[in-house]
Amino acid sequence: MARIIVVTSGKGGVGKTTTSAAIAMGLAKAGHKTAVIDFDVGLRNLDLILGCERRVVYDFINVINGEASLNQALIRDKNCHLLYILPASQTRDKDALTQEGVGRVLDELSKEFDYVVCDSPAGIEKGANLALYFADDAFVVTNPEISSVRDSDRMLGILSSKSRRAERNEEPIKEYLLLTRYDSDRVRQGEMLGLDDVQEILSLELLGIIPESKSVLSASNAGIPVILDEKSEAGQAYADVVARYLGEKRPHRFIDGKQGFLRRLFGGRK
Amino acid sequence: MLNTSSVLEFKSGTFFAPILVLFKHDIVAIEEALQEKISLAPEFFKDSPLVIDLRELNKQNQDLDVVQIIQMLRRIGFFPVGLRGGNEQQNRQARALSIPIDTVREQGNSIIIGDTPKQEITSQLSSQPEIPVTQSADPVAAPPTDSAATTLITQPVRSGQRIYASGDLIILSQVSAGAEIMAEGNIHVYNTLRGRALAGVHGNTAARIFCFDLQAELISIAGDYKTSEDLTKQTYKNPVQIYLQNHALIIKEIA
């Protein structure tokens, strides 16, 4: 049985797709057969980040509608033979997703794969709800910024109440925090929320801090997941995230500025 | 220590009984509806004490023969133990049958759930005495505790979630900004309170809010409220209790 991971955030543009691509690649590189699904039906992006957009024939919706088999739609990654991509449909919208259909596809994937990574769309509507519904683990991607933290908090509420695990009263989804686009200089200057500020609100297990890095954009444009750029800080940070998720103990890097914005504004707690 | 020399002792206590709220005076229809409820949960209703509530009925000026209803209830296995909301004649009839009259509070620990009947329902009675934890947005699992007493929440209350307790509400985790917690009784938050907290929502002016770390967006007791703008520096981020005094919200640090 595969472990189903949802990469989610509520807010858009925080790095969900970048994260999905990176951790799916990381898990595959670590020897686990991994599938990554783009749930952003209508705004297909994951295939671009993974550099396989020109090989998309069938998509997630085709599989749900029975117009193509899973094996026809899955695209094997060029860089790692254990990574497969199930792209979203660009011509349809989120209404084409059904809970029954998504469940069927995930069931089928679960038989063959070790990990299934679900790249959630932004928002808290159907696409996002279905991406998290079947999850075992959730990577909550948050930027050190107050609206992103608020949206993540909202998402955590949904994770704990609207998932299949919640509905069946099973063990809750394991929630992890991924702080992305972190700029320790700006944190130090009080322009950005620090890790402490974010954790004061979310209090989640921290899987990693991904520093703001130019390499993320260039990797995206080149269609190569940033985790493969071993020289970049962001690539290393994602490698740490995957290792920690798989149970390895690694100290957190890229934090530096501990003096956060809120703390500076309101003074420390007594 | 038990005083074994005396014959008896008075203690204060509460005795819980379901309240049967009637919406129609048709005894046959009431009996039918009750039999249906009994068939759903025979164990729960077996020999159950029952308080009859006639307020709705009398609001609609529907007269009901109390003697008949009490006889019917006894016949199908209930023990009527009280009457509320009756008119003078009904109260007299009840007293004659040794049924006490409850004339006091407007709000009791009623276990009746649901709205006034839009369909052909003559009586409404919940099948189990659980607290209706109304959660409109994203419900947090709130295990119903003993009768209408206290709701205990151990998980964080996240932004967008709403929790309603018909009695007291105790929360051990943080309450995020954008979350809303409401109780008819007191609210205790043994953690950071960032969301909105409304105690005494049915007008209980004696209700209080206690919290370990006050950073709330809004606090309200029985409709009197303050927003975070009105919270002073002294109490912000401190353990406080909040109560009403002469229609003014008092926020007081708990030393």
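Scan region A:172-211 for residues that are aromatic (Phe, Trp, Tyr) and under 15 Å from the mean Cα position of the chain (by Cα) and the total you get is 1. Checking the structure you have, find out if any residue of region B:191-200 is surrounded by fewer than 19 Cβ atoms within 10 Å (Cβ to Cβ) and within 26 Å of residue A:197 (Cα to Cα). Looking through region B:191-200, at least one residue is surrounded by fewer than 19 Cβ atoms within 10 Å (Cβ to Cβ) and within 26 Å of residue A:197 (Cα to Cα). Would you point out the residue of region B:175-184, among those that are open to solvent by 10 Å² or more (accessible area, probe 1.4 Å) and not aliphatic (A, V, I, L, M), that is nearest to the other protein chains (Cβ to nearest Cβ)? Among those that are open to solvent by 10 Å² or more (accessible area, probe 1.4 Å) and not aliphatic (A, V, I, L, M), it is B:178. For the criterion of being under 20 Å from residue B:175 (Cα atoms), in contact with a Ser or Thr (Cβ under 6 Å, 6 or more places away or on another chain), open to solvent by less than 70 Å² (accessible area, probe 1.4 Å) and within 14 Å of chain B (Cβ to nearest Cβ), residue A:197 fails.
The criterion of at least 3 residues that are away from chain B (no Cβ under 11 Å) and out of contact with any strand residue (DSSP E or B) (no Cβ under 7 Å at 6 or more places or on another chain) is met by the following helices (runs of 4 or more DSSP H) wholly inside region A:130-194: A:184-188. Just one residue in the set A:235, A:208 is open to solvent by less than 50 Å² (accessible area, probe 1.4 Å) and in a strand (DSSP E or B); that residue is A:208.
Can you tell me how many residues within region B:201-220 are open to solvent by 30 Å² or more (accessible area, probe 1.4 Å) and within 17 Å of the chain's Cα centre (by Cα)? Of the residues in that region, 7 qualify.
The set of residues from region A:65-90 being within 18 Å of residue A:127 (Cβ to Cβ) and open to solvent by less than 10 Å² (accessible area, probe 1.4 Å) comprises A:73, A:85, A:86, A:87, A:88, A:89.
Going through region A:108-164 one residue at a time, which ones are of a type in the set (S, T, N, Q) and free of Cβ contacts under 8 Å to residues at least 12 places away in the same chain? If the condition is that a residue be of a type in the set (S, T, N, Q) and free of Cβ contacts under 8 Å to residues at least 12 places away in the same chain, then A:161 is the only one that fits.
Checking each residue in region B:221-255 for being of a type in the set (S, T, N, Q) and exposed (fewer than 13 other Cβ atoms within 10 Å of the Cβ) picks out B:227, B:232, B:234, B:245, B:246. Among the helices (runs of 4 or more DSSP H) confined to region B:1-79, the ones with at least 1 residues that are open to solvent by 40 Å² or more (accessible area, probe 1.4 Å) and modelled with pLDDT of 80 or more are located at B:27-40, B:55-59, B:66-75. Summed over region B:158-183, residues that are outside any loop (DSSP other than H, G, I, E, B) and under 22 Å from the mean Cα position of the chain (by Cα) total 12.
The residues of region B:217-235 that are closer than 18 Å to residue B:190 by Cβ and either of a type in the set (Phe, Trp, Tyr) or away from chain A (no Cβ under 14 Å) (or both) amount to a single one, B:219. From the list A:114, A:136, A:119, the one residue that fits, being open to solvent by less than 20 Å² (accessible area, probe 1.4 Å), touching a Lys or Arg at 6+ places or on another chain (Cβ under 8 Å) and of a type outside the set (A, V, I, L, M), is A:119.
The values are calculated or read from the model by the stated rules, or taken from the named source; none is laboratory data. Small disclaimer: the values here were computed from a predicted structure and weren't measured. Please note: Cβ atoms are built from the backbone with ideal geometry, for glycine as well, and neighbour counts cover all protein chains shown. Please note that ligands, DNA and RNA were not included when accessible areas were found on the heavy atoms of the full protein model with its side chains. Shrake-Rupley method; radii C 1.70, N 1.55, O 1.52, S 1.80 Å.
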